[in-house]
Amino acid sequence: MKKHIIGLLVVLLLVAAACGDDDTTTTTAAPGTTAAAATPVEVFSWWTAGGEADGLNAMLAVFEDEYPEYTFENAAVAGGAGTNARAVLATRLAANDPPDSWQGHAGQELIGTYVAADQLEPLNFLFEEEGWLEVMPETLIPLISEGGQIYSVPVNIHRANVMWYNPGVLTANGVEVPGTLEEFFAAAETLQAAGVIPLAMGEAWTSMHLFETVLLGTLGADAYKGLWDGTTDWAGAEVTAAIDNFATMLSYTNNDASTLAWDQAAQLVIDGTAAFTIMGDWAEGYFKAEGLAPVEGFGWAPAPGTDGMFQFLSDSFVLPVGAPNRDGALAWLRICGSKPGQDAFNPIKGSIPARTDGDRALYDEYLQSAMDDWSTDTVVGSLTHGVVANDNWKNEINTAIGLFLDDGDAAAFQAALAAACATAGACG
Ligand code: GAL
């Protein structure tokens, strides 16, 4: 009996995997070649939602044009922020079955996980060959390096602290775009009284994403940075105030948040069911994929209290030790770091190029404003998207947030955050 159930499960999983392939796997032969002649390059990411998947397709078209000898094998695993993909990747790496290249965030996610486990080849030679040190921001290089070795190719810069809104809903309710947390709460009261969900939120990682923007909005850039190097006290009054603000924020979110993916939460804003969502600017890619235009279709502002601050993250791709198709992986990385690759990908993805020489004319109003802010704002790193804390620390914070969402015990939450910093070795 047990065997039958397991057999049935295996069949179901195989069917599901086969169906999933329809959505996420494209293996196309470049014009003038045959699929049999070209070698596949398996690229692993979590870009399957509207906007992000389209951006990936635009970049892979550049790849296939440039390298007809390879076919692009899209091994994307659905799930925002890589929550599912990274678990699948870990299993594959443990089984010594790496894809040819995978997506990883610049910062602690890259250095503290893959580099720490000796899973990556250094790429200094590629940076030299391609002249990338001259065109990648100086501030980004340390976040992808360890001991003088560079370990990934950044393809973009995303902004985490963005508040997106439905302009029609704000106008209909006489609500101005809030700048501070207090203004946001006042706007939320008006909207809630009118039967509109003030703030659309999704599954667990999106609450961490919200929390990091509230930490930044409450503490300011310097004290926020200090959370990650032990100079700001997690047990102190500023963090108490941030937790209080986070609790207030949560009181304005949709009841079904835990069942929604980030793009489904963004959809509530498109539909006008909700007024705001706080999400990285891949939401811009989603809004555009849904046919909305910046300004008329959707509005944006820094997350409350974070004007002048740019909470950043960067998607990058790596060369694993033992890549089955190392030459193909290098070809992919050359496209990831190239101007044509980045300028094909980013305008659709909702990010700005990691390179400093992107063609500004290809980017819309929102993205041009992000380019300006990236060069003038105070830049801080994202927690949820791998910049400031390694996986162990981030997982502890994630557990603490999950408990807080359930029990609302602010004191226990703060104690858990302080303990997580200590365990990570960053505090006291
Ligand atoms: C982030 C990633 C973005 C976007 C987002 C939602 O972690 O950096 O590129 O994909 O997740 O999936």
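The values are calculated or read from the model by the stated rules, or taken from the named source; none is laboratory data. Predicted model, so just to flag it, every value in this text is computed and none were measured. Cβ coordinates were reconstructed from backbone atoms using ideal geometry, including for glycine residues, and neighbour counts include every protein chain displayed.
Here are some notes:
- Flag if Thr180 is within 16 Å of the ligand (Cβ to nearest atom), surrounded by fewer than 22 Cβ atoms within 10 Å (Cβ to Cβ) and hydroxyl-bearing (Ser, Thr, Tyr): no
- Options Thr259, Thr273, Thr232, Thr248; residue that is crowded, with 17+ Cβ neighbours inside 10 Å and modelled with pLDDT of 95 or more: Thr232
- Scanning segment 391-412 for residues that are out of contact with any helix residue (DSSP H, G or I) (no Cβ under 9 Å at 6 or more places or on another chain) and buried (at least 20 other Cβ atoms within 10 Å of the Cβ) yields a total of 0.
Listed here are the residues, each with its yes/no results for (1) surrounded by 23 or more Cβ atoms within 10 Å (Cβ to Cβ); (2) touching a residue at least 24 places away in the same chain (Cβ under 8 Å); (3) aromatic (Phe, Trp, Tyr).
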| position | (1), (2), (3) |
| --- | --- |
| Glu128 | no, no, no |
| Trp132 | no, yes, yes |
| Thr139 | no, yes, no |
| Ile144 | yes, yes, no |
| Gln149 | no, yes, no |
| Val155 | yes, yes, no |
| His158 | yes, yes, no |
| Val162 | yes, yes, no |
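- Residue within segment 200-209 that is without any contact (Cβ under 8 Å) to a residue 12 or more places away in the chain, among the aliphatic types (A, V, I, L, M), surrounded by fewer than 23 Cβ atoms within 10 Å (Cβ to Cβ) and part of a helix (DSSP H, G or I) present: no
- Considering segment 34-143, the qualifying helices (runs of 4 or more DSSP H), each wholly inside and each with 2 or more residues that are over 30 Å from Ala424 (Cα atoms) and either away from the ligand (no atom under 16 Å from the Cβ) or at pLDDT 95 or above (or both), run over 52-66, 124-130.
- Pairs are defined by a Cβ separation below 9 Å, a sequence spacing of at least 6 or placement on different chains, a first member in segment 291-316 that is more than 16 Å from the ligand (Cβ to nearest atom), and a second member that is basic (Lys, Arg); the pairs so defined are Pro294/Lys288; Gly297/Lys288; Phe298/Lys288; Pro302/Arg159.
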